[in-house]
Amino acid sequence: MVSAAWLIIDFVLVFVAIALLIVRLKLNPALALLLGTIVLGITTGIPLDDVVAGINEGFGSLMAEVGLLISLGVVMGLLMSSYGAVQRIVGGILKVFGTRGSPYAFGLTLSTVTPAIYFDVLLVLVAPIARRVARITGRPVASLAGPVSMGLAAGNALVIPGAAMLAYLGTLSLSPSDLLVPGFLVAVPSVALAIFLYVGAMERLRWWNPARDEEAVDEQVLVEAEPDETRLPSMPVALAPVLVVLVLIVAAIAAPLAGVENAVVQFVGSPVVALLAGALTALVITALRSGLAGQADVVNKALETVGTILVVTAVSGSLGQIIAGTGMQDVLANLFEANSALPLLAVWFIAAVMRMAIGGQTVAGITAISIIAPLVDGLGLSPVLVVLAAGAGGIFGGQFSDNAFWMLRSLFGLSTRGTLKTYTLGQSMLSVIALLAVLGADVFV
């Protein structure tokens, strides 16, 4: 058994090395994580046979938990985006909020209604709409770009069925129904408060300087990217896949509370079946609008996209399995026994550091959860709050190592300085506010 001091040093060195491999050497995150997992196992004294067994076991067990959920979520999301559901939903909510409330319309819509759609896809779809709203209302582009980045981050890491959130669940063997309500209860007020503070800083405190924070952008390209309103679906059609999923899952949760035990309700309300129903709903809508060949093309593209997500997620599961065999949980238990709030702060901090280092919300959150997972029962922690703390930490500090940073810079016509003010600052503010919400829930609930 290695000493506690060496264990901590080893962990730091391995995670720094993983970050450098990804950021500096541009190594694929899955390969970097796998190499780091092997090195961590060997240098902490785990027998070689057990290292191999742990990698395989962690990979397979996490895929068994969330593989189908992530796959179906991405398929449903890309099908919805193909027929203009996102544009219709955002447009409809803008009518409710009005131009003054447009930052909230974008942030809250992206964090609650559209989390099933892949982060990068949503950013490409929504950015032209947000720029048009900024142009029409005369607001600084930052007032829309920041809320867009916050909504995307919260929808991915705090709300079901965001891809990062689904991956977090598998690490602690939780059901999506366990996080359905708590995720919304943390995400919605956190996003709203973060947008209020952020927009106030940009507009009232005049933190935004267009001359230095924006760059020239080809307005013609933006006009061409704007959706054709005549081809968009109606609001009921746009929302149909999401509503199908929510209705089925909520029914399965509510039935036992109402004293109704029905095997069919529980079956169709199980997360995999509910997401399948949502994906099939989106598939039928796409087929009716674009033909059978059109829906087949979208599904094929979705499955190509999901492959990368699944591999990185599964290798993160391997890392978690090896971490569990290092004895790190005993070291942390001694550190945390004096303060019950410290573990949640530690989860947030680890996820935040990993997010800043490698840019990925999913990997950052899973790493933090994997380290704390063996201690959840012993310390009396709420697994739900652990997941939400990791999700909040995974939002913090997205910057140069995150490909979405550069996408937002280009799509909104920002300088690098301006992108740091919108993407990095906005998400960091949201991360801290979400952490405070989690700690508040730990104290008062």
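Numbers at a glance
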| quantity | calculated |
| --- | --- |
| Matching residues in the stretch 278-292 - criterion: being open to solvent by 70 Å² or more (accessible area, probe 1.4 Å), free of Cβ contacts under 8 Å to residues at least 40 places away in the same chain and more than 22 Å from Ile249 (Cβ to Cβ) | Leu288, Leu292 |
| Qualifying residue in the stretch 117-124 (condition: among the aliphatic types (A, V, I, L, M), in contact with a Leu (Cβ under 9 Å, 6 or more places away or on another chain) and farther than 19 Å from Val159 by Cα) | yes |
| Condition check for Leu144: in contact with a Phe, Trp or Tyr (Cβ under 9 Å, 6 or more places away or on another chain), under 30 Å from Ala389 (Cα atoms) and in contact (Cβ under 8 Å) with a residue 40 or more places away in the chain | yes |
| Check on Val221, at pLDDT below 85 and not charged (D, E, K, R) | yes |
| Subset tally (residues that are β-branched (Val, Ile, Thr), at pLDDT 80 or above and either surrounded by fewer than 18 Cβ atoms within 10 Å (Cβ to Cβ) or in contact with a Phe, Trp or Tyr (Cβ under 7 Å, 6 or more places away or on another chain) (or both)) for the stretch 1-37 | 4 |
| Candidates Pro189, Pro161, filtered to the one that is at pLDDT 85 or above, open to solvent by 10 Å² or more (accessible area, probe 1.4 Å) and under 30 Å from Pro383 (Cβ atoms) | Pro189 |
| Residue list for the stretch 255-285, restricted to those being at pLDDT 90 or above and of a type outside the set (A, V, I, L, M) | Phe267, Thr281 |
| The stretch 167-208: number of residues that are outside any loop (DSSP other than H, G, I, E, B) and among the polar types (S, T, N, Q) | 3 |
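One line per residue, one yes/no per condition, for (1) of a type in the set (Ser, Thr, Tyr); (2) surrounded by 20 or more Cβ atoms within 10 Å (Cβ to Cβ); (3) within 27 Å of Arg24 (Cβ to Cβ):
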| residue | (1), (2), (3) |
| --- | --- |
| Gly360 | no, yes, yes |
| Ser382 | yes, no, no |
| Leu385 | no, yes, no |
| Gly393 | no, yes, yes |
| Ser410 | yes, no, yes |
| Leu414 | no, yes, yes |
| Thr422 | yes, yes, yes |
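The values are calculated or read from the model by the stated rules, or taken from the named source; none is laboratory data. This is a predicted model, so every value here is computed, not measured. Using ideal geometry, Cβ is built from the backbone for each residue, glycine included, and neighbour counts are taken over all protein chains shown. Please note that ligands, DNA and RNA were not included when accessible areas were found on the heavy atoms of the full protein model with its side chains. Shrake-Rupley method; radii C 1.70, N 1.55, O 1.52, S 1.80 Å.
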